[in-house]
Amino acid sequence: MEPTEITLRTFDDDTALTPAGEGVWEGAIADGWATPRGPLGGYVMAIVLHGMELAVADAERTPRSVTMHFLRVPEVGPVTVSATVERAGRSLSTVSARLEQQGKLLGLALGAYSKPWTGPLLDGAPMPDVAPPEGREPVGDLGRGEPPAFTQRLSMQHRFGEPPFTSAERGETGGWLGLREERPLDAGAIAVLADAWFPAPWPRLRALAPAPTIDLTIHFRTALPLPDGLLLGRFTNRVVRDGFFEEDGELWTADGTLVAQSRQLALLIGAEV
């Protein structure tokens, strides 16, 4: 008997969209991207980014700023993305998008897509000096407990902060990370990496507290796509109040190029310190 050939799903498979009308595309939330509370927000955002890119339909206009608000927790299964170019100037396009599932609105997004503009490079945010990445192995022990399902799609190598739930003094985490699958780093991949590390307040807690994202903004600081590789991510938190926290993130290539800056507002449900 011939062995059965197993086809592994790719990131492009999991973010694929097919036309379903003017400015409308159909896709699906794939299995395997689960967190303690629904699929990873950055993965959900990647699907919406794909729809926005299709609406812009100009490879020279790459994402520069995208904000998404998450209204409901998606389920595994079909979704619909609607994207509209609200204005297209000579160099910059402003795009809005909606994500729906079973007739319910899951998310709203607004983005700016632009060609590069002529100007100086003034870099005041150098990449931290850390040990280089070591291979591209799957996620190992990032703290206490079994890692969530989506981390098996990634390589993550700790470089910043204390383990989660250790009552640390600072809210900081991060390290080298990337998709285990070798592919160019486009906006969707960067959205995943900007949201992949465990939340920055977790080291300050003493027990697990699910942290669903309320909104996520990513500023893409270089034209995309970039060649395949791991990025260095550092994520910090300053304030937790009324159950909400902010998280600021930065992503660099191995040569020190700042790829993206992110900020999200999220909840800490049942946090204990």
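Please treat every number below as a calculation from the coordinates, not as lab data. Computed from a predicted structure; not experimentally measured. When we count neighbours, we look across all protein chains shown, and the Cβ atoms used for this are built from the backbone with ideal geometry, even at glycine.
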Open item on the list: Which one, 197, 131, 244, is farthest towards the positive end of the dipole of the chain when Lys and Arg carry +1 and Asp and Glu -1 on their Cβ?
Closed with: 244
Task: Contour excess over end-to-end distance, with Cα ends at residue 60 and residue 181 and 0.36 nm allotted per residue - done: 41.0 nm
Open item on the list: Using all alpha carbons of region 205-273, what is the percent of pairwise distances in each 10 Å bin, ordered from the shortest bin to the longest?
Closed with: 18, 42, 25, 14, 1
Task: Between region 11-41 and region 47-107, the Cα center-to-center distance that results, in Å - done: 12
- [ ] Any chance you could run the full-extension gain for residue 90 through residue 170? It's 0.36 nm times the residue separation minus the Cα-Cα distance, nm to one decimal.
- [x] 24.3 nm
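To the nearest 20 Debye, how big is the dipole of the chain about its Cα centre, given +1 on the beta carbon of each Lys and Arg and -1 on that of each Asp and Glu?
820
Pull out a ≥ b ≥ c, the square roots of the eigenvalues of the alpha-carbon gyration tensor of region 23-131, then state rounded if a/c is under 1.5, prolate if not and a/b is larger than b/c, and oblate in the remaining case. Intermediate results must be reported in sequence, preceding the final value.
Values: a/c = 2.69, a/b = 1.31, b/c = 2.06.
Note, shape of region 23-131 comes out oblate.
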- [ ] Mind putting a number on the dipole of region 153-255 about its Cα centre? Charges go on the C-beta only, +1 for Lys and Arg and -1 for Asp and Glu, and I need it in Debye to the nearest 20.
- [x] 260
